[in-house]
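A.B. asks: Handing you a structure now.
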Amino acid sequence: MWTSDFFLTARSAARRALADLELNSPLLAGRASKWLASRCNPDQPESYFTHPQAVPILALPWWLETSIRGHVDVTFQADLMYSTINGYYFARIVDDLMDGHNIDCTVLPSLYFFIMKFHNTYHKYFGRTDSFWSEFERLLMETADSAAADCALEDIGATAFVQVSARKSAAGAIPMAAVCYLYKRAELLAPWEGLFRLFGCWHQMGDDLADWSDDSENGRRTWLLSEADRQRSANESIPAWMGRVGFQWAFEKMEGWMEEILAAGEGLNSPELVSYLSQRRESCRREVTALVNTAAAYAKLLQLDYVPQVQP
Amino acid sequence: MSQFQDLYNRVLSDAQFRSHLASDPADALQSVGITPTDDLVAAINSIVANVEEIGKDLGADIDLIGTVPFAT
């Protein structure tokens, strides 16, 4: 899935982020590593960002620069990755807190470091009056505003999902804005951001599908669970609706978005992007089809009422 | 709601219980108040085997319902 140049750059950037924190504050680094260990192997932090099912937030700017220049400036891309990884840690901790996950409060001061590095890295490339900063502010505020709105949503439908839930990742387009502005190709930001926006919908639904049970148990609202409440019959439980309808319903939504994403990707002069998207579509189809089939297999439990329950 | 509707709900929503049902169906059934007759245990084993086959088709030994692997 990844070229060796890309993977080695991502590995270097991910390790540099933690090494810099260690250099600045071994105390914070130790606590942040403990938090990170709940999500990935902190000795291989790059695995989190190069996971086949992750949002390709490090790869999209790489593909974008390649589409413009035919190759990348590795130093620039390494800095983008470094910024993005720090920004991601910041957003992840905030999101974990908002979702009510158990998080050690001694990790929280590391947020100062993460947001500082996320932001400061761009000063190397853009002067204070550069138009890039308008995009930086717009995208970061879109993430903040969406996250604030999302946690207050009670009944989520298509509009709220697309305009709010799936926009929490808007700041992930900031490194794409950096590529566009550095190479004076600001007109490319809209189509790449548009693709990223669609990918956000696709991925958020996949995430909601993966977490439906945990979300339901913890009272977190998603479009999928709102739909379960709208569609299920009076005596039908959420798990029963998921098995009967929900998995397939979510899959069909994802398929629709992926069609749009692929159509958008075709016009971006990036065969690497199109190849990646095709792989994601195929692996998602196999996994969710297996999920639907698994639910159908378990539905045979409902027929066991008719199996004799008294030993002869 | 019948005992088996409860069982189905539990299987779809509880990964630990799914694992328990696969490894020791009689004990898992008893834990939810269902008497584990031989016929029932055989039926459960058949369902679990079917689910495991679906997992093998993916080339992975994974708990499908609990791990549609969307890293976030």
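A.B. asks: On a 0 to 90 degree scale, rounded to 10, what angle separates helix A:132-150 from the longest Cα axis of chain A?
C.D. replies: Relative to chain A, helix A:132-150 is tipped by roughly 20 degrees.
A.B. asks: Provide the descending list of Cα extents for segment B:3-57 along its principal axes, expressed in whole angstroms.
C.D. replies: Principal extents (Cα only, largest first): 33, 24, 17 Å.
A.B. asks: Expressed as an acute angle from 0 to 90° and rounded to the nearest 10, what is the orientation of the C-alpha long axis of helix A:247-266 relative to the principal long axis of chain A?
C.D. replies: In chain A, helix A:247-266 runs at an angle near 30 degrees to the longest axis.
A.B. asks: Using the Cα centre as the reference, give the magnitude of the dipole from point charges on the C-beta atoms of segment A:84-142 (Lys, Arg: +1; Asp, Glu: -1; all else neutral), rounded to the nearest 20 debye. Show your work: numbers first, answer last.
C.D. replies: Values: 5 positive and 8 negative charges, 66 e Å.
Rounded to the nearest 20 debye, it is 320 debye.
A.B. asks: Would you tell me the mean number of C-beta atoms belonging to other protein chains that fall within 10 Å of each C-beta in B:7-20, as a whole number?
C.D. replies: Taking all residues of B:7-20 together, the mean is 5.
A.B. asks: Then there's this: Going by how many other Cβ atoms sit within 10 Å of their own, how do B:H20, A:H71 line up, fewest first?
C.D. replies: Fewest-to-most ranking of B:H20, A:H71: A:H71, B:H20.
A.B. asks: Give the relative contact order (percent, whole number) for chain A; include only Cα pairs under 8 Å separated by 6+ residues.
C.D. replies: Contact order relative to length: 15 percent.
A.B. asks: How are the Cα pair distances of the protein assembly as shown distributed, in percent, across 10 Å bins from 0?
C.D. replies: Cα pair-distance distribution for the protein assembly as shown, in percent: 5, 21, 29, 24, 13, 6, 2, 0, 0.
A.B. asks: Here is a further query. What is the Cα radius of gyration of segment A:25-109 over 2.2 N^0.38 Å, N being its residue count?
C.D. replies: 1.25
A.B. asks: Same structure, new question: With contacts defined as alpha carbon pairs under 8 Å and 6 or more residues apart, what's the relative contact order of segment A:227-312 in percent?
C.D. replies: 32
A.B. asks: Divide, for segment A:28-180, the radius of gyration over alpha carbons by 2.2 N^0.38 Å, where N is the residue count.
C.D. replies: 1.09
A.B. asks: Name all residues of segment A:1-18 having a backbone nitrogen under 15 Å from the label point set 7 Å from the Cα of A:S283 along its Cα→Cβ direction, giving them as ranges.
C.D. replies: A:1-3, A:7
A.B. asks: Now, a different point. Pairs on different chains or at least eight residues apart, Cα atoms closer than 30 Å: how many lysine pairs in the protein assembly as shown fit?
C.D. replies: Final tally of qualifying lysine pairs is 11.
A.B. asks: Compare the Cα positions of A:G70, A:A240, A:T294 along the charge dipole of chain A (+1 at Cβ of Lys, Arg; -1 at Cβ of Asp, Glu; about the Cα centre) and return the one farthest towards the positive end.
C.D. replies: Result: A:G70, furthest along the dipole toward the positive end.
A.B. asks: If you rank A:V179, A:V245 by fewest surrounding Cβ atoms within 10 Å, what's the result?
C.D. replies: Exposure proxy ranking, most exposed first: A:V245, A:V179.
A.B. asks: Could you grab the relative contact order for segment B:3-57? Cα pairs under 8 Å, six or more apart, rounded to a whole percent.
C.D. replies: It rounds to 24 percent for segment B:3-57.
A.B. asks: Within a 10 angstrom radius of the beta carbon, how do A:M98, A:M242 rank from fewest other beta carbons to most?
C.D. replies: Exposure proxy ranking, most exposed first: A:M98, A:M242.
A.B. asks: Relative to a virtual label point 7 Å from the Cα of B:E52 in the Cα→beta-carbon direction, which members of segment A:272-306 show backbone nitrogen distances below 14 Å?
C.D. replies: The answer is none, because no backbone nitrogen lies closer than 14 Å to the label point.
A.B. asks: Here is a follow-up. Using the Cα atoms of segment A:214-312 to build a convex hull, what is its mean projected area in square nanometres?
C.D. replies: Value for segment A:214-312: 9.3 nm².
A.B. asks: Under 10 Å, Cα contacts only: if you run a Gaussian network model on chain A, which one of A:G70, A:G87, A:G200 comes out with the highest mean-square fluctuation?
C.D. replies: A:G70
A.B. asks: Roughly how tilted is helix A:4-24, in degrees to the nearest 10 and between 0 and 90, from the longest Cα axis of chain A?
C.D. replies: That works out to roughly 80 degrees.
Taken together, the values in this text are just the output of simple stated rules run on the coordinates, not laboratory data. The shown structure was predicted, so the numbers you read here are calculated from the model rather than taken from an experiment. So basically every Cβ, Gly included, is an ideal-geometry build from the backbone, and we count neighbours across all protein chains shown.
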